[in-house]
Amino acid sequence: MLVATKSFETALHAIREGLVRFGLDGTAPIISAVSGGPDSLALSLLMQQIANEGGRQHKAVIINHGLREAAAAEANIAAAAVAKFGIASEIHQICEPKPSGGIQAFARKHRLSLLAAAGRAAGAIVCFGHHRQDQAETIYMRLSKSSGLTGLSGMPELRVHEGCLFVRPLLSVPPELLSQICEDAGLTAVQDPSNYDRRFERVRARQHLYQDTGLSQNLVQLGKAAGAISAQLDSELVKRLQGHVVFNPPYAASFETEPFLQLPDLLRRRALTISLLNIGAGEHPAGQNAISALDTAVANGQKTTLAGCIITHESSHIRIFREARHLPEPLVLSDENAGHIFDRCWHITGVAGLRFAPLGVAGYRQLPKESALRSYLAQWPYPTRLRFPVPTPLDVEGGAHHFKLMERWVNAPDTVADRFTLRLPLGRTRSISSWL
């Protein structure tokens, strides 16, 4: 036992229960996302104990955002702190130029991409130190944004991000317990000034909720209730639409018109929300006001766009597919072990230096009508074909050999498959043996 205290044992018990429930109590390597704060430091100690008990590999991955002068030194401090407990670590740096605005969104995007790449390279699950109060803050912020049931469910315990399984094993644990673990272990956490900057929405939410602990508890209960209702809705939706929907990952889906329009309002809007989230490859579901307007447009036979998708109502089918606006930027392969994510849905691997770009209008026109690639692309509507990744210069015969479809939720454990069924897509599950 790394830190034989009551606080440590309580948190460790919560993690063990979660990993068993998720079906992740095997031998897959573990990465702890460590920032140097008390939550992530405690997480690293707890996951090291899990690794010791199961003979699993474990390391901490620390992201240097490069946003403050002290960032590099703080990353080194975090690495030294976990090293005292025999925990190996890696420091990865965000090298992209900082934007003039949206700093937190920029940092989050690149932090998660680096963590996902580390997870893919190691074949590991990536664990985060989000706790019960973080969950309350998330639900609090989403209440004001018409997020619907999906948003009010809060942060999921599991999700696949850029081909890597992210796990939040501490969502039931209060932050005070994690701070106590650090104190008992003699660890001094790094304090990020941005955690106290009221310009950021989460900081304002945190400060409000610390003054109203009863509200925090109610929000967590609301999240659990919303999650349970979501799971029941998804189960009912599967029953009603089974055999009446076709999903062509990652770019298109179609519903038989009559069965779809006969769904109760709540289920119909749920189907639209989940379809847009998957096909548009967004981070968050569309707001419920927008979904309600879309539902009305679909019922009236109108063609419309939302969340990066085109939605059409035809006589026999309602079709949803990714639009061609804002084609993804080209990329050059550099990390052969982890590969790269293109258009948030393709996992591309290959020799360093290969350059990939979206096919685009000019590339599509170059494809011979009898080519294998053009035949493969025929499964999607024309606009989505233009997003397809091809090596440049264009190789019309061998272009599909260097990548595979990254199914965003395909590694959800079968034990919680009900919640993910529509996202796999509908009615489809897969074993998680590759993670074990």
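Taking the residues in the stretch 40-50 that are in contact (Cβ under 8 Å) with a residue 40 or more places away in the chain and surrounded by fewer than 24 Cβ atoms within 10 Å (Cβ to Cβ) as candidates, determine which candidate is nearest to N195 (Cα to Cα). Restricting to residues being in contact (Cβ under 8 Å) with a residue 40 or more places away in the chain and surrounded by fewer than 24 Cβ atoms within 10 Å (Cβ to Cβ), the top hit is Q48.
Is it the case that the stretch 249-264 has a residue that's among the charged types (D, E, K, R) and either part of a loop (DSSP other than H, G, I, E, B) or under 16 Å from G151 (Cα atoms) (or both)?
no
The residues of the stretch 366-390 that are under 27 Å from the mean Cα position of the chain (by Cα) and among the aliphatic types (A, V, I, L, M), listed by number, are L377, L386, V390. Listed by first and then second residue, the pairs with beta-carbon distance under 7 Å, at least 6 apart or on different chains, first residue in the stretch 160-172 and on the phi > 0 side of the Ramachandran plot, second of a type in the set (V, I, T), are E162/I341; G163/I341.
Here's the yes/no breakdown for (1) free of Cβ contacts under 8 Å to residues at least 60 places away in the same chain; (2) farther than 30 Å from L115 by Cβ; (3) assigned to a strand (DSSP E or B):
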{"position": "A297", "(1), (2), (3)": "yes, yes, no"}
{"position": "I310", "(1), (2), (3)": "no, yes, yes"}
{"position": "I318", "(1), (2), (3)": "no, yes, yes"}
{"position": "L327", "(1), (2), (3)": "no, no, no"}
{"position": "N337", "(1), (2), (3)": "no, no, no"}
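Summed over the stretch 225-259, the residues that are of a type in the set (S, T, N, Q), over 21 Å from the mean Cα position of the chain (by Cα) and not assigned by TED's automatic domain parsing to the domain that holds A307 give a count of 3. The residues of the stretch 345-365 that are surrounded by 14 or more Cβ atoms within 10 Å (Cβ to Cβ) and either of a type outside the set (G, A, S) or under 21 Å from the mean Cα position of the chain (by Cα) (or both), listed by number, are C345, W346, H347, I348, T349, L354, F356, P358, L359, Y364.
Scanning the stretch 93-120 for residues being loosely packed, with under 13 Cβ neighbours inside 10 Å and modelled with pLDDT of 95 or more gives a total of 0.
Does at least one position in the stretch 259-273 carry a residue that is at pLDDT below 90, surrounded by fewer than 21 Cβ atoms within 10 Å (Cβ to Cβ) and more than 23 Å from H161 (Cβ to Cβ)? No, every residue in the stretch 259-273 fails to be at pLDDT below 90, surrounded by fewer than 21 Cβ atoms within 10 Å (Cβ to Cβ) and more than 23 Å from H161 (Cβ to Cβ). Cβ separations smaller than 6 Å between residues 6+ apart or across chains give the following pairs from the stretch 51-80 residues that are under 19 Å from P99 (Cα atoms) to residues that are assigned to a helix (DSSP H, G or I): I63/R111; I63/L114; N64/A71; N64/A72; N64/A75; H65/A71; H65/A107.
Here the condition is being in contact (Cβ under 8 Å) with a residue 12 or more places away in the chain and closer than 30 Å to G101 by Cα; of L237, L222, L209, L261, it holds for L209 alone. G301 meets all of the listed conditions (1) in a loop (DSSP other than H, G, I, E, B); (2) within 19 Å of C164 (Cβ to Cβ); (3) outside the structural domain of R387 (by TED's automatic domain parsing) but one, namely (2).
Given the criteria surrounded by 20 or more Cβ atoms within 10 Å (Cβ to Cβ), more than 27 Å from A121 (Cβ to Cβ) and either within 23 Å of the chain's Cα centre (by Cα) or β-branched (V, I, T) (or both), does F342 qualify?
Here the answer is no, as F342 does not meet what is asked.
Only one entry of S216, S230 meets the criterion of being closer than 30 Å to E256 by Cβ and either surrounded by 16 or more Cβ atoms within 10 Å (Cβ to Cβ) or small (G, A, S) (or both), and that entry is S230. Residues of the stretch 70-92 that are more than 23 Å from I50 (Cβ to Cβ), surrounded by 15 or more Cβ atoms within 10 Å (Cβ to Cβ) and in contact with a strand residue (DSSP E or B) (Cβ under 7 Å, 6 or more places away or on another chain): A71, A75.
Filtering the stretch 8-25 to residues that are at pLDDT below 95 and in contact with a helix residue (DSSP H, G or I) (Cβ under 6 Å, 6 or more places away or on another chain) leaves G23, D25.
Output yes when any residue across the stretch 181-201 is over 30 Å from L272 (Cβ atoms), crowded, with 19+ Cβ neighbours inside 10 Å and not aliphatic (A, V, I, L, M), and no when none is. Yes, the stretch 181-201 contains at least one residue that is over 30 Å from L272 (Cβ atoms), crowded, with 19+ Cβ neighbours inside 10 Å and not aliphatic (A, V, I, L, M). Condition test on G66, is it over 15 Å from L187 (Cβ atoms), touching a strand residue (DSSP E or B) at 6+ places or on another chain (Cβ under 8 Å) and in a loop (DSSP other than H, G, I, E, B)? Yes; evaluated as a whole, the condition is true for this residue. Restricting attention to the stretch 339-381, the residues being assigned to a helix (DSSP H, G or I) and either free of Cβ contacts under 8 Å to residues at least 24 places away in the same chain or in the same structural domain as A124 (by TED's automatic domain parsing) (or both) number 6.
The values are calculated or read from the model by the stated rules, or taken from the named source; none is laboratory data. Predicted, not measured: the structure shown is a model, and the values here were computed from it. Glycine also receives a Cβ, built like all others from the backbone with ideal geometry; neighbour counts cover every protein chain displayed.
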